[in-house]
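Structure record follows, encoded as structure tokens.
The values are calculated or read from the model by the stated rules, or taken from the named source; none is laboratory data. Owing to the predicted nature of the structure, the values given are computational and were not obtained by experimental measurement. Note that each Cβ is placed from the backbone with ideal geometry, even for glycine, and that neighbours are counted across all protein chains shown.
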Amino acid sequence: MAEISEVRRELALDCFLLAGKVMMESGAETYRVEDTMIRMAVSQNMMDSHCFVTPAGIMFSPSNDLPTRFVRIHGRRTDLERVARVNAVSRRLVAGQLTLQQAYDEMTEIEKNHYLFPLWLQVLAAAVASACFLILMGGGWADIPFAFLIGGIGFYIVEMVLVKTRVKFFAEFIGAVAIGTLAVLVVYSGFGNDPDTIIIGSVMPLVPGLLITNAVRDMMAGHFVSGLSMGAEAFLTAFAIGAGIAIVLSF
Amino acid sequence: MNWPLEAFLSFLAAGAFGIIFNIPRKTLVSCGLVGMSGWLFYRSYYLMFDDPIQATFIGAFIVAIVAHILAKIFKMPMIIFSVAGIIPLVPGSRAYNAMRNIVENDYAEAVDFAVQALMISGAIAMGLVFAEVLMQLYFKYQARRTQKKMGFTQE
């Protein structure tokens, strides 16, 4: 391994860990984070580096005789735009189009910003998706406005409870209860026709799709720790939604 | 089945899910296309052979293949394209029916639906796995071929 000065090495380590942290917080797969960090390390002449990523923290050891660094990952929030941006920066660093300092500056820039769509647009998207799924799942056209409204309201409630309580399962449970109640009320009052398809369509935006894909891909890559924990999270989310709906239906 | 309508709705739904997952703006349309192709393959297989599990496998497989190709074109991580496409295949209605039957104390029916939902989830996972393995083999083959080609040109 070619010796690199200590200042530069620390900068490189900061840069890798920052990249890993941002990717992990934004919903990338574990094995992709490891792959990205190792590629960046190799491009900086750290040939025998090791990296271990879990959904809760990242360990990175530059070589056998240097100290290992660790970062903790706190909240995770799906923001795939950030994943794409970090990925682009790391590609350019590996290709030699960026210096280490430039790459680090861009990473800090990405870390500070959120590229989330505004909340109203997300709620609108959830509403549109609910209405589409209502038809795709075999619902009637007359129920479209209800699925649209209830899907949007359910998604909004989940986001709000999530901001207030920071407990994901609780937020999804409350959202599912709200969706179920509203759907049953709409049908009970004579406006809607079929509560089943309205509920199925409106619940769709809460489905943990990212968790399922990530869990499968991590398991395939041999990352059982993160694969299993993401799978458990997906299962618990599905269970929270199901329990919420079940409570409403049991009355 | 009304093909253009289902194509349009699944396109719209996948695009909307792209917004919820906050994928980069310029990939929204291609993300919708991934969702549309997955759903259309799922539906046509389902209508032809009437087996939701195999149909879901085909749908997930197509979603993952198209997502891999788009990821190569855009030079972006593959999950950006596949997440939204997977959602329409999720066995929402079966899981719901299982839940409803549990509440109504009809456990035999509930187990039936739950097992179906479980099998379909497994089919989604297997579809992703098969596509991934196939694409990796193909990329390896292609890389070896380009290496050979470069060897020839250097001589």
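Restricting attention to the range A:102-114, the residues that are under 21 Å from A:Glu10 (Cβ atoms) and within 12 Å of another protein chain (Cβ to nearest Cβ) add up to 0.
Looking at this structure, is B:Leu118 out of contact with any His (no Cβ under 7 Å at 6 or more places or on another chain) and under 30 Å from A:Ser90 (Cβ atoms)? No; evaluated as a whole, the condition is false for this residue. So for the range B:57-74 (the condition being within 11 Å of chain A (Cβ to nearest Cβ) and either surrounded by fewer than 24 Cβ atoms within 10 Å (Cβ to Cβ) or free of Cβ contacts under 8 Å to residues at least 24 places away in the same chain (or both)), does at least one residue qualify? Scanning the range B:57-74, I find at least one residue that is within 11 Å of chain A (Cβ to nearest Cβ) and either surrounded by fewer than 24 Cβ atoms within 10 Å (Cβ to Cβ) or free of Cβ contacts under 8 Å to residues at least 24 places away in the same chain (or both), so the answer is yes. For the range B:9-30, check the following and say yes or no: at least one residue is at pLDDT 90 or above and more than 11 Å from every other protein chain (Cβ to nearest Cβ). Yes: the range B:9-30 contains one or more residues that are at pLDDT 90 or above and more than 11 Å from every other protein chain (Cβ to nearest Cβ). State which residue is farthest from the chain's Cα centre (by Cα) when the search covers only the range A:142-153 and only residues that are within 12 Å of another protein chain (Cβ to nearest Cβ) and buried (at least 24 other Cβ atoms within 10 Å of the Cβ). The extreme case among them is A:Ala147.
Among residues of the range B:95-110 that are within 7 Å of chain A (Cβ to nearest Cβ), those with a Cβ under 7 angstrom from a residue that is among the β-branched types (Val, Ile, Thr), sequence gap 6+ or separate chain, pair up as B:Tyr96/A:Ile199; B:Tyr96/A:Ile200; B:Tyr96/A:Ile245; B:Met99/A:Ile245. From the list A:Ala246, A:Ala183, the one residue that fits, being of a type in the set (A, V, I, L, M, F, W, C), part of a helix (DSSP H, G or I) and facing another protein chain (nearest Cβ under 9 Å), is A:Ala246. Against the list (1) more than 25 Å from A:Ile150 (Cα to Cα); (2) outside any helix (DSSP H, G or I), the condition A:Phe191 fails is (1). Across the range A:216-230, the number of residues qualifying as crowded, with 21+ Cβ neighbours inside 10 Å and in a helix (DSSP H, G or I) comes to 6.
Residues checked against (1) farther than 23 Å from B:Ile79 by Cα; (2) facing chain B (nearest Cβ under 10 Å); (3) of a type in the set (Val, Ile, Thr):
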position	(1), (2), (3)
A:His50	yes, no, no
A:Pro67	yes, no, no
A:Arg85	no, yes, no
A:Val89	no, no, yes
A:Leu100	yes, no, no
A:Ala126	no, yes, no
A:Ser130	no, yes, no
A:Gly140	yes, no, no
